[in-house]
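Enquirer: One structure is given below, represented as structure tokens, and several questions about it will come after.
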Protein chains: 2
Amino acid sequence: MESKSSDLISLIKSRRSRRNFIFQKVDNNTIKEIIECGRWAPSGNNTQPWKVCIVTHPTVKRMLAELSDYGGIMESAYANLVIFLDKERGYDRVKDLQAIGAFTQSLLLGIHAKGLGAVWIGEILKNKEKVDEIFKFPTEKYELMCVIALGVIDEALESKKVEERERREIDEFIDWF
Amino acid sequence: MESKSSDLISLIKSRRSRRNFIFQKVDNNTIKEIIECGRWAPSGNNTQPWKVCIVTHPTVKRMLAELSDYGGIMESAYANLVIFLDKERGYDRVKDLQAIGAFTQSLLLGIHAKGLGAVWIGEILKNKEKVDEIFKFPTEKYELMCVIALGVIDEALESKKVEERERREIDEFIDWF
């Protein structure tokens, strides 16, 4: 149990954004297992206020990619998981947005556990109305939250990255009482 | 790797809220390892807009507990992790709140990996100004986000729970494109 526990802690700590993918299919069952990880995320009053569009069709991916400065990454990824807040299920803006964050992180960790790569793209929110037009959802019900670009990691390209994004030391942001 | 992968997926899927704790200390190094899991959470522009007060002192726990309907759980937990948004680090309300959710879920999964239990308490936000008074932080810098009550699980009491909170089937919230 102890070694299993430290393996799992290591996996949580070793997740990083991946932006370089090879062209390889990810099978639908793997994607479903990843979504299952999000399914069990916590949410205020257990409202589960999330909706996910799994986009693999090249035309739809292209349409999305045109709405982001990171479109190149989105197109090269096998799938784009387009995450929406379901406003009819939500009940408190702060808690709903936190639930979406918990849900998204659960997906990212599931992807990492599967040995796949992903990056969380929030920048596309600047074009959220145009994303709504693609999916034709009622805007009073669904609000775009982010896109996860997901694919098989291009290890050759990823290994060339000289530095990774740093994190603050924990003593910078904790206090004991 | 494959079995390690399915272990992590199982871990993510098996996390649940725990509300019954025994009185037993959790050592500070374990708490630090849990916080390390959050340290590596993703955030928009890598702003890492989080702050955590780790409260174990009985008097401070009591003061917090009086501000929540779930005070009994908070007092019986060994530690209360009081999570704030660092508004000086944040840059976009929607993305900052999502980052806090990702951070919080990383802590909850780290706690679960350690075999400990926790529950995410958002309801205390109704008294956020009073929580600010306890910590005396400048309110223009820090905004209360939630409390995680963390402790050693009382397995006897937890096993008596007849039902767990349900989740929607994934087909209810996914679409394929």
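Enquirer: Give me a count of the residues in the range B:108-120 that are part of a helix (DSSP H, G or I) and under 18 Å from B:Asp27 (Cβ atoms).
Expert: 4
Enquirer: Let me ask you something else. In this structure, is A:Met74 within 26 Å of A:Asp154 (Cβ to Cβ) and over 18 Å from the mean Cα position of the chain (by Cα)?
Expert: Answer is no for this residue.
Enquirer: Of the numbered conditions (1) within 7 Å of chain A (Cβ to nearest Cβ); (2) assigned to a loop (DSSP other than H, G, I, E, B); (3) crowded, with 21+ Cβ neighbours inside 10 Å, B:Gln105 fails exactly one; give the number of that condition.
Expert: Among (1) within 7 Å of chain A (Cβ to nearest Cβ); (2) assigned to a loop (DSSP other than H, G, I, E, B); (3) crowded, with 21+ Cβ neighbours inside 10 Å, the lone unmet condition for B:Gln105 is (2).
Enquirer: Oh, and also: Cβ-Cβ distance below 9 Å, separation of 6 or more or different chains: which pairs start in the range B:145-160 with a residue that is within 19 Å of B:Asp27 (Cα to Cα) and end on one that is at pLDDT below 90 and part of a helix (DSSP H, G or I)?
Expert: Listed pairs, sorted by first residue: none to list.
Enquirer: Next question. In the range B:1-85, which helices (runs of 4 or more DSSP H) lie fully inside it and hold 1 or more residues that are at the interface with another protein chain (Cβ under 9 Å from one of its Cβ atoms), in contact (Cβ under 8 Å) with a residue 60 or more places away in the chain and buried (at least 17 other Cβ atoms within 10 Å of the Cβ)?
Expert: In the range B:1-85, the matching helices (runs of 4 or more DSSP H) lie at B:2-14, B:28-39.
Enquirer: Failed condition for A:Lys114, given (1) over 22 Å from A:Arg62 (Cα atoms); (2) in contact with a Lys or Arg (Cβ under 9 Å, 6 or more places away or on another chain); (3) crowded, with 20+ Cβ neighbours inside 10 Å, with all others met?
Expert: (2)
Enquirer: Is there a residue in the range A:149-158 that is more than 17 Å from A:Tyr78 (Cβ to Cβ) and either more than 17 Å from the chain's Cα centre (by Cα) or of a type in the set (Val, Ile, Thr) (or both)?
Expert: yes
Enquirer: Another question, then. Specify the residue that is modelled with the lowest pLDDT; the eligible residues are those in the range B:140-177 that are outside any strand (DSSP E or B) and surrounded by 14 or more Cβ atoms within 10 Å (Cβ to Cβ).
Expert: Going through the qualifying residues, I end up with B:Glu158.
Enquirer: Here's another thing I want to ask about it. When residues of the range B:86-97 are filtered for being in a loop (DSSP other than H, G, I, E, B), of a type in the set (Lys, Arg) and surrounded by fewer than 18 Cβ atoms within 10 Å (Cβ to Cβ), how many remain?
Expert: Total satisfying the criteria: 1.
Enquirer: Please give the number of the condition B:Ile100 fails out of (1) part of a helix (DSSP H, G or I); (2) surrounded by fewer than 24 Cβ atoms within 10 Å (Cβ to Cβ).
Expert: Condition (2) is where B:Ile100 drops out.
The values are calculated or read from the model by the stated rules, or taken from the named source; none is laboratory data. Worth saying up front: this structure is predicted, and the values here are computed from it rather than measured. Every residue, glycine among them, receives a Cβ derived from its backbone with ideal geometry; neighbour counts consider all protein chains shown.
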